[in-house]
Amino acid sequence: MSSAVRAEPLTARRRLHIGLGVKQAAFGYAILFPTLAVLAVFRFVPMLQAFVISFTKYDLIHPPQFVGFANFVDLVRDPLFLNSMRVSLTYVVFSVLPVWPLSLALAVLFNRSLLVKNLLRSAVFMPVVMPAVVMAVVWTFMYHQDGVINTVLGWAGIDPVPWLRSSSTALWAVILIGIWRATPYYMVIFLAGLQAIPAQYYEAAEIDGAGKWTSFWYITLPLLRPTTLLVMVMTVIVAMKVFAVPLIMTGGGPADSTRVLPLFIYQTAFEFFDMGRAAAMSMFLFAAVILFTVAQIRIFTRGED
Amino acid sequence: MGNAGAVAATPRTPKRTAAFALWTTRRRGGILAHGLVLAAVLISLLPYYWMVSSSLKTIANMFVIPIQWIPDPVNWRSYILAWNAQDFGRYFLNSGVVAVGITLGNLLLASLAGYSLAKFRYLGRGVLFILILSTMMLPLEVTMVPLFLIIKRLDWVNSYQGLIVPFLVDGFGVFLMRQYILAIPKDLIDSARIDGASEFRIYWQIVLPLCRPALVALGVFTFREAWDMYIWPLIIISKDSLRTVPLAISLFMSSYGTAWDQLMAIATLGTIPMILLFFFLQRAFIQGVAATGLKE
């Protein structure tokens with residue numbers, strides 16, 4: 001340990017013969033280096049730059065101009081920005097809340113014995129397999145005024161809904177797709193959590209005469225707590241970053257009703273070429289992601305006690 | 001943890017003695033469970049069915065009332081028309097090159113970095129590991145503006161390297177490989193050293209083969225993400241010949257918006273690589289997803 005700790009990569013490289021520890025430490029650094037290089041150039045440097053750019057006015061043509069907090073001050077007064085924050089919040093809350101019980105319920109169903117279980121599980125998993133762009137295109141088609149969704153609703157006597165054409169329904173249409181895609185994904189994670197619960201607990205409970213619901217409530221849920229918390233945080237972070245689907249399906253419309261924050265950042269940067277403003281907006285998104293990630297880390301360090 | 005407490009806390013209802021009662025509840029529960037699962041299967045598969053069946057309908061039958069569940073007549077021409085409308089052969093090649101490049105890069109770099117972090121001792125290892133993990137908190141959505149500026153400065157706009165190099169490795173892959181390699185006994189590595197094997201040979205011939213399951217899971221997961229990539233190509237690719245499949249599909253929709261048969265045909269073709277991947281490597285596919293739920 002001690003020789004390796006004192007070793008520095010350059011001297012180590014020059015004096016390979018000195019000791020095995022030094023040689024090994026040098027090799028350890030060497031094979032870590034490509035990863036560090038890629039992440040430094042394409043993750044850390046951009047992050048620092050995003051911070052710097054957020055204090056400038058920059059349109060890609062003229063050199064960036066330092067403007068202090070002007071971007072941030074403008075943003076908090078900009079109704080379009082506030083709208084996109086509200087849309088994002090609505091999207092996150094309503095696309096995430098149903099996923100928790102649905103994915104857990106599916107996992108519980110698949111954790112018991114079923115006929116042709118593996119086949120059914122693969123079928124339920126299929127939404128995760130579909131590429132996001134294909135999903136956006138196919139659902140746009142299904143949401144068509146005369147499309148399959150309105151037809152099925154018509155069987156129940158419901159009038160055709162102008163899904164993506166109306167500002168009061170478009171966001172809900174996008175949210176529904178989010179739920180469709182996310183539920184089987186988190187089902188897999190819940191299933192892994194369920195399978196880690198030792199069967200003896202259930203056997204013991206059954207001997208005590210506990211029913212299925214009692215076992216679920218007093219064994220499954222408490223023991224699944226770390227997985228549940230993880231799923232909660234993951235779903236929220238993923239939902240905060242959504243924008244390929246609304247971009248393809250609605251472009252943010254109608255009447256800005258689906259312009260989630262990441263979509264607005266993208267459009268500000270690459271359609272209006274206001275890099276400073278876009279970077280400032282991304283700081284808000286970054287703050288939200290950090291907040292939830294820190295919450296995630298805290299949950300886990302607490303769970304390990 | 002209080003597991004024992006939880007078990008003990010279950011109310012002591014009288015034991016059910018009638019085997020018959022038990023049998024009927026199990027059976028009823030079984031029917032209900034199968035019904036619910038079947039409903040989930042239908043909801044999961046309907047978009048697939050609708051995509052494929054619509055790709056085979058004539059445009060006149062696309063929105064007929066009553067709705068046509070089975071295409072009649074079957075219209076294969078949509079596939080030929082769509083394929084020839086744009087240079088889709090090229091776009092599939094582009095997507096393939098990009099996805100394979102990103103996947104190989106992740107397998108190599110993440111396994112090297114994971115091996116380093118799991119089995120070598122050196123100054124700053126803990127800090128470096130945390131730095132690498134922290135990149136998982138930096139989504140593309142936050143860094144896309146400066147990342148684009150960097151790619152522009154490197155003159156990598158409209159290039160394969162611009163699509164591949166920024167994604168050659170990420171925190172998740174390194175984390176996954178490190179966790180897996182931690183479980184490999186140190187004795188195995190040390191005895192190879194005593195036998196005089198070089199460090200690189202130990203990695204290549206001992207560590208890497210032992211990591212096979214993790215590598216397959218990471219590979220499938222990375223390939224799926226890379227094939228799915230949409231925003232980044234949208235930002236840095238403007239040349240027709242460098243379009244990836246997702247980019248081409250979305251552009252096809254905006255330029256041939258009402259040719260639903262062709263659009264569904266091209267969407268079906270764009271999904272086939274993922275279906276094949278899932279079909280042949282199902283276990284690894286699901287393991288990769290389950291691994292995103294790993295914690296330390």
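Data table
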{"read-out": "Neighbourhood net charge (11 Å Cβ-Cβ; Lys/Arg +1, Asp/Glu -1) for A:Gly253", "value": "+1"}
{"read-out": "In the range A:199-305, the chymotrypsin sites (Phe, Trp or Tyr not before Pro) that fall in loop regions by DSSP, at most 15 other Cβ within 10 Å", "value": "A:Phe272, A:Phe273"}
{"read-out": "B:Leu104 paired with B:Ser238, simple spin-label distance in nm, labels 7 Å along Cα-to-beta-carbon", "value": "3.1"}
{"read-out": "Under 23 Å from the Cα of A:Lys212 - lysines, other chains or at least 8 residues apart", "value": "A:Lys117, B:Lys15"}
{"read-out": "Mean Cβ count within 10 Å, highest first, over the residues of peptides A:64-75, B:205-216", "value": "B:205-216, A:64-75"}
{"read-out": "Candidate aspartates and glutamates for bridging to B:Lys239, where Cα separation is under 13 Å - those fewer than 8 sequence places away on the same chain excluded", "value": "B:Asp87"}
{"read-out": "Residue among B:Val100, B:Val127, B:Val165 with the largest mean-square fluctuation in a Gaussian network model of chain B, springs linking Cα atoms under 10 Å", "value": "B:Val127"}
{"read-out": "Dipole of the range A:70-303, positive direction: furthest Cα of A:Gly209, A:Tyr91, A:Pro184, with charges on the beta-carbon", "value": "A:Gly209"}
{"read-out": "Distance (nanometres) between label positions extended 7 Å along Cα→Cβ at B:Arg201 and B:Arg153", "value": "4.3"}
{"read-out": "Within the protein assembly as shown: Cβ-based charge dipole about Cα centre, in debye rounded to nearest 20 (Lys, Arg +1; Asp, Glu -1)", "value": "1420"}
{"read-out": "Gyration tensor (alpha-carbon) shape descriptor, the protein assembly as shown, a/c threshold 1.5", "value": "oblate"}
{"read-out": "Neighbour net charge for A:Thr235 - beta-carbon separation under 14 angstrom, K R +1, D E -1", "value": "+2"}
{"read-out": "Two-decimal ratio, the range B:140-296, of alpha-carbon radius of gyration to 2.2 N^0.38 Å", "value": "1.34"}
{"read-out": "Cα gyration tensor category, rounded, prolate or oblate, for chain B with a/c compared to 1.5", "value": "oblate"}
{"read-out": "Rounded FRET efficiency, nearest 0.05, which uses the C-beta distance separating B:Ser134 from B:Leu42 and R0 of 41 Å", "value": "0.45"}
{"read-out": "Gain in span if fully extended, B:Ile275 to B:Leu294, counting 0.36 nm per residue against the direct Cα distance", "value": "4.3 nm"}
{"read-out": "For a label point 7 Å along the Cα-to-beta-carbon line of A:Val93, residues of the range A:197-232 with backbone N under 20 Å", "value": "A:232"}
{"read-out": "Under 19 Å from the Cα of B:Lys119 - lysines, other chains or at least 8 residues apart", "value": "A:Lys23, B:Lys186"}
{"read-out": "Global geometry of chain A, whether rounded, prolate or oblate, following the gyration tensor of its Cα atoms and the 1.5 cut on a/c", "value": "oblate"}
{"read-out": "Residue among A:Val138, A:Val236, A:Val22 with the largest mean-square fluctuation in a Gaussian network model of chain A, springs linking Cα atoms under 10 Å", "value": "A:Val22"}
{"read-out": "Contour minus Cα-Cα distance for B:Val127 and B:Tyr49 (0.36 nm per residue)", "value": "23.1 nm"}
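Readers should treat all values here as calculations from the given coordinates under stated rules, not as data from a laboratory. As the structure is a computational prediction, the values presented were derived from the model and not from experiment. When we count neighbours, we look across all protein chains shown, and the Cβ atoms used for this are built from the backbone with ideal geometry, even at glycine.
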